[in-house]
Amino acid sequence: MKKICLLVLFGFLANSCKNTWSQEDKDAFYEACTEEAVKTGDTPEKAKAYCDCVFGKMEAKYPNEEDALGHIDVLAKDTDLIKCKQEVKN
């Protein structure tokens, strides 16, 4: 699921010329991430918690969209992001 969210994020970032996380891009990430999490069996509440965790950690590491896009491969393997799923299950 995390990989799918990151791929969706990549698509939004690839079309963006901004150097910050716009509200539009945050909203798009949350919509895609939450939808995918629910498809894989999470409740809407757990999906939101998961996406909050992923986005918060991602934004802390890469405070602008260009940085995140430049590190999409790193994000896909980031253990902090992977831990988000485990945190939500507990």
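The values are calculated or read from the model by the stated rules, or taken from the named source; none is laboratory data. Computed from a prediction, not measured in an experiment: that's the story for all the values here. All Cβ positions, glycine included, derive from the backbone under ideal geometry; neighbour counts span all protein chains shown.
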(message) If a residue must be in contact (Cβ under 8 Å) with a residue 12 or more places away in the chain and not small (G, A, S), how many such residues does the stretch 63-82 contain?
(response) 11
(message) Quick check on my filter: what residues within the stretch 41-65 are among the acidic types (D, E) and in contact with a Lys or Arg (Cβ under 8 Å, 6 or more places away or on another chain)?
(response) E65
(message) Looking only at residues that are in contact with a helix residue (DSSP H, G or I) (Cβ under 7 Å, 6 or more places away or on another chain) and hydroxyl-bearing (S, T, Y) in the stretch 25-52, which one is modelled with the lowest pLDDT?
(response) Y30
(request) Answer with yes or no whether Y30 is free of Cβ contacts under 8 Å to residues at least 40 places away in the same chain and surrounded by 18 or more Cβ atoms within 10 Å (Cβ to Cβ). (result) no
